[in-house]
Amino acid sequence: MRLPPLVFVLGYSGLIPFLADPLWLSLSPATAPAWLDHVWRMYAGMIASFMAGSFWGMALIVVEGPAGKLGMAMSGGLMLLAWASLVLPFRASLIGLAVVFLLLVLAEVWRERTIDPLSGYFTLRASLTAGVLACIAWRLLLQPAAS
């Protein structure tokens, strides 16, 4: 099965909010609203949790076997890590979310080899994760950091 073009459009459109915070703070920091970092970080946490949930959905295909059970446990753990990252101070939270996104890609490597390869999905996930990590790194480089 090939992924439909809409999946790529929606996936890459999801990077636009990731770009918003560091771009705004780079171009016009004096006009950035006080809530910008908070809302941006919540979006990152929501997307990390969503991606963990999509991993859970793919593990359902083989839920009766050990690989499916492990996949569901990994999904739940990644969702909890994303949630726990959101209660940390801003910089630590972003680092925690970056780790979750990296772990999600590693989980996708495992899923591709163990559960069910889905043509083009890993490439899409890896490229989207690279975009997310670039945005998180960009925001971490900006000063001052929000609290």
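No other residue among M46, M72 is more than 21 Å from A20 (Cα to Cα) and either among the aliphatic types (A, V, I, L, M) or out of contact with any Cys (no Cβ under 6 Å at 6 or more places or on another chain) (or both) apart from M72. Is it the case that the stretch 100-123 has a residue that's buried (at least 20 other Cβ atoms within 10 Å of the Cβ), modelled with pLDDT of 95 or more and over 29 Å from G68 (Cα atoms)? Scanning the stretch 100-123, I find no residue that is buried (at least 20 other Cβ atoms within 10 Å of the Cβ), modelled with pLDDT of 95 or more and over 29 Å from G68 (Cα atoms), so the answer is no. Give me the residue from the stretch 104-134 that is in a helix (DSSP H, G or I) and free of Cβ contacts under 8 Å to residues at least 12 places away in the same chain and, out of that set, farthest from M74 (Cα to Cα). Here the answer is A134. Among the residues making up the stretch 27-38, those that are among the small types (G, A, S) and farther than 22 Å from A92 by Cβ are S28, A30.
Across the stretch 11-42, the qualifying residues are those that are of a type in the set (S, T, Y) and over 30 Å from T114 (Cα atoms), and the one among them that is nearest to the chain's Cα centre (by Cα) is S26. Pairing residues of the stretch 9-28 that are more than 16 Å from A98 (Cβ to Cβ) and touching a residue at least 24 places away in the same chain (Cβ under 8 Å) with residues that are of a type in the set (K, R) and not in a helix (DSSP H, G or I), at Cβ distances under 8 Å and at least 6 apart in sequence or on separate chains, gives no pairs at all.
Filter the stretch 88-103 down to the residues that are assigned to a loop (DSSP other than H, G, I, E, B) and hydrophobic (A, V, I, L, M, F, W, C) and list them by number. Spell out how you get there, then give the answer.
Keep residues of the stretch 88-103 that are assigned to a loop (DSSP other than H, G, I, E, B), which gives 88-89.
Selection gives L88 alone.
Of the numbered criteria (1) at pLDDT 90 or above; (2) aromatic (F, W, Y); (3) crowded, with 19+ Cβ neighbours inside 10 Å, the one F55 fails is (1).
Being closer than 18 Å to F18 by Cα, among the small types (G, A, S), assigned to a helix (DSSP H, G or I) and touching a Ser or Thr at 6+ places or on another chain (Cβ under 7 Å) narrows it down to one residue among A82, A137, A67; which is it?
A82
The lone criterion from (1) closer than 28 Å to L23 by Cβ; (2) crowded, with 18+ Cβ neighbours inside 10 Å; (3) charged (D, E, K, R) left unmet by R91 is number (2). The set of residues in the stretch 40-52 being free of Cβ contacts under 8 Å to residues at least 40 places away in the same chain, surrounded by fewer than 15 Cβ atoms within 10 Å (Cβ to Cβ) and over 15 Å from R125 (Cα atoms) consists of M46 alone.
The residue list G96, G76, G68 contains one member that is over 30 Å from W138 (Cα atoms) and either surrounded by 17 or more Cβ atoms within 10 Å (Cβ to Cβ) or among the small types (G, A, S) (or both), which is G68.
The values are calculated or read from the model by the stated rules, or taken from the named source; none is laboratory data. All figures in this text were calculated on a predicted structure; none of them were measured in a lab. Note that we place each Cβ from the backbone using ideal geometry, even for glycine, and neighbour counts take in every protein chain shown.
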